[in-house]
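Values in this text are rule-based calculations from the coordinates and carry no lab data. Because the structure is predicted, anything quoted here is derived from the model rather than measured. Because the Cβ atoms are built from the backbone with ideal geometry, glycine has one as well, and the counts that use them run over all protein chains shown.
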Amino acid sequence: MNYLSNNQRKKAKRLVLLFFGGSLLITLVWNTAIITAPIAKANSSDHLAKLIYSFFAYTCHQMDSRSFHLYGFQLAVCARCFGFYIGLLSSLLIYPFVKSIDEIKTINPLWLVGFLILSGLDWGLGVLGIVENTHLSRFVTAFLLGFVCIFYVIPTLSEMTCYFIYQNKI
């Protein structure tokens, strides 16, 4: 950001804040929809529930035995996907308190690699039948992965915004 003029820097900060706010809003709506499906089903709003379950069927296998339940009905995604999405949301909520939104430096990549390996091990050991994973292990390993992802996404968005402003593309 040091290569930007003061006006460009202000514009970049506004755009990054807009991207951040948009990301937070989308992630909040996404997570709300996931828990709305079983609530709708429990309240006999079958059309709404079916619409939500159908939408999330494109992103998740939705196996009943691998999903958390609310009011006796499964969430719109499995425990692993739910953990990832809640991790994203949680990270977005705390991000401005631990790091500047317009900071372009990411955290050490080993965090991402480590949590990716951890989540992969949870999945792989379960598939191979070596260790039976649980809803909690699926949720926690995916939560950690989703949580750490934001610490790469936001700085990357910030850096891209600065670059495009510097190039007079936006």
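How compact and how long is segment 121-164, expressed as Rg and Dmax of its alpha-carbon atoms in Å?
16.0, 48
Mean separation of Cα pairs under 8 Å and 6+ residues apart, divided by the residue count of the chain: what relative contact order is that in percent?
After rounding, I find 30 percent.
Just tell me which lysines come within less than 20 Å, Cα to Cα, of Lys105; anything on the same chain fewer than 8 places away is out.
Lys10, Lys11, Lys13
Given a Förster radius of 30 Å and the C-beta distance between Asn108 and Leu70 as r, what FRET efficiency does 1/(1 + (r/R0)^6) yield to the nearest 0.05?
Computed FRET efficiency for Asn108 and Leu70: 0.25.
Identify all lysines with a Cα-Cα distance to Lys41 below 19 Å; exclude those on the same chain that are fewer than 8 residues away in sequence.
In chain and number order, the partners are Lys50.
Which value, in Å³ per residue, describes the convex hull spanned by the Cα atoms of the chain?
Spelled out: Cα convex hull of the chain, divided by residues, is 136 Å³.
Rounded to the nearest Å, what's the spacing between the alpha carbon centres of segment 77-142 and segment 150-170? Just the number, please.
Value for the Cα centre distance between the two parts: 24 Å.
To make sure I understand, if each residue's beta carbon is the centre and we count other beta carbons within 10 Å, what order do Arg14, Arg80 fall in, fewest to most?
So the ranking, lowest neighbour count to highest, is Arg14, Arg80.
Mind checking the dipole of segment 6-166: about its Cα centre, +1 per Lys or Arg Cβ, -1 per Asp or Glu Cβ, Debye to the nearest 20?
Here the size comes out at about 560 debye.
Test of understanding: ordering His47, His135 by Cβ neighbours within 10 Å, fewest first, what list do you get?
With the fewest neighbours first, His47, His135 line up as His47, His135.
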